[in-house]
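The values are calculated or read from the model by the stated rules, or taken from the named source; none is laboratory data. Nothing here was measured: the structure is a model prediction, and the numbers come from that model. Using ideal geometry, Cβ is built from the backbone for each residue, glycine included, and neighbour counts are taken over all protein chains shown.
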Amino acid sequence: MGIERKFLEDSIIKHNISKYLGKELVRAGFSRVEIQKTPVLTRITVYVLNPGRVIGRSGRTIDQLTDTIKTKFKINNPQISVAEVQNKTLEPLLVAREICEKLERGINSRKIIQSTLRRIMENGALGAEIIASGKLAAKGAKKKTIRKSIGYIPKAGDVTTLVHEAKTAAYPKYGAIGVKVRIVPPGTVFPDRELKPLEIPKSILNS
C-alpha cells in the first residue's frame, strides 16, 4: 500500500509541476516535462520551443524556477535542464493549443481534426488520437464529442506510459471546447507487439 501511495503522490506532484511550468513558460512554447528522482536529487527536464526564454539572462530565469519548485512543491535538490522541441507536430500540448486557436477562429472542427491527424502521422507517429468535446457548432447547438484516432493507441496497462498526452480548452464565442491529444512517438517500442508502417486512410490523407 505504501508503494501505491508513493506512486500516486509522485504522479500528483508531476502533474502540479507540469501545470505550474505550463503557465510560467507559455511564451517559451512549453510542451512537457520529465521528472526523474534519485536518492540525492530530482532531475527535471523541460521541453520547450524556445530554450533561451527558460534560461534567461545569466541563467536568472531558470534559477528562479528552480527555487520556486523547491519551495512550492517541496522537491529535494531539483536540477532543471532545458531541451528544445525538435518537432512540434509530435508534441500533444502544442498540437492541442494549435487546434484550440483554430477552433476559436471558427474553422470547422472535423476539418481541423482530420488535417491535424494527417500531419501527425506524416511526421512518423505510430498512433494518434484527438478528442474534442463541447459546443462544436454555432450558438444554440447541443454539446457533442468528436473522437478520431489512427494507428495504435493503448488504453490500459503499463504501456500507456509510452503514450504522450495533453489536454487544454478552446473558448470560442459559443462555448468552451475541451481538446485532448494523444500521440505515440516515432520509434516507440511496445513489449507486447511489433508495429508495422501504417498506411494513412484516404479520408484523412485527403483532408
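Quick check: is even one residue across the range 139-160 in contact with a helix residue (DSSP H, G or I) (Cβ under 6 Å, 6 or more places away or on another chain), more than 30 Å from residue 66 (Cβ to Cβ) and among the charged types (D, E, K, R)?
Looking through the range 139-160, at least one residue is in contact with a helix residue (DSSP H, G or I) (Cβ under 6 Å, 6 or more places away or on another chain), more than 30 Å from residue 66 (Cβ to Cβ) and among the charged types (D, E, K, R).
Checking the conditions here, which among 94, 65 is surrounded by 20 or more Cβ atoms within 10 Å (Cβ to Cβ) and not assigned by TED's automatic domain parsing to the domain that holds residue 122? Walk me through how you get there before you give the answer.
On the way: 94 fails: not assigned by TED's automatic domain parsing to the domain that holds residue 122.
It is 65.
With the structure loaded, tell me whether residue 201 is surrounded by 14 or more Cβ atoms within 10 Å (Cβ to Cβ), over 19 Å from residue 105 (Cα atoms) and at pLDDT below 90 or whether it fails that test. Step through it out loud before you land on a result.
Numbers: surrounded by 14 or more Cβ atoms within 10 Å (Cβ to Cβ): yes; over 19 Å from residue 105 (Cα atoms): yes; at pLDDT below 90: yes.
Considered against the rule, which asks whether it is surrounded by 14 or more Cβ atoms within 10 Å (Cβ to Cβ), over 19 Å from residue 105 (Cα atoms) and at pLDDT below 90, residue 201 comes out as yes.
For the subset of the range 12-62 comprising residues that are within 17 Å of residue 84 (Cα to Cα) and touching a residue at least 60 places away in the same chain (Cβ under 8 Å), which member is surrounded by the fewest Cβ atoms within 10 Å (Cβ to Cβ)?
Per the criteria, the residue is 22.
A quick yes/no check of all residues on (1) assigned by TED's automatic domain parsing to the domain that holds residue 103; (2) over 23 Å from residue 118 (Cα atoms); (3) without any contact (Cβ under 8 Å) to a residue 40 or more places away in the chain; (4) in a loop (DSSP other than H, G, I, E, B):
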| position | (1), (2), (3), (4) |
| --- | --- |
| 150 | yes, no, no, no |
| 153 | yes, no, yes, yes |
| 160 | yes, no, yes, no |
| 167 | yes, no, no, no |
| 175 | yes, yes, no, yes |
| 178 | yes, no, no, no |
| 181 | yes, no, no, no |
| 188 | yes, no, no, yes |
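So which residues in the range 38-59 are among the basic types (Lys, Arg) and assigned to a helix (DSSP H, G or I), if there are any at all?
53, 57
Sort through 7, 30 and tell me the only one that's of a type in the set (Phe, Trp, Tyr) and at pLDDT 90 or above.
It is 30.
When you scan the range 98-110, do you find a residue that is aliphatic (A, V, I, L, M), in contact with a Lys or Arg (Cβ under 9 Å, 6 or more places away or on another chain) and either under 19 Å from residue 137 (Cβ atoms) or modelled with pLDDT of 95 or more (or both), even just one?
No, the range 98-110 has no match at all.
Name the residue that is modelled with the lowest pLDDT, counting only residues in the range 126-136 that are of a type outside the set (Lys, Arg) and closer than 13 Å to residue 170 by Cβ.
Among residues in the range 126-136 that are of a type outside the set (Lys, Arg) and closer than 13 Å to residue 170 by Cβ, the one modelled with the lowest pLDDT is 136.
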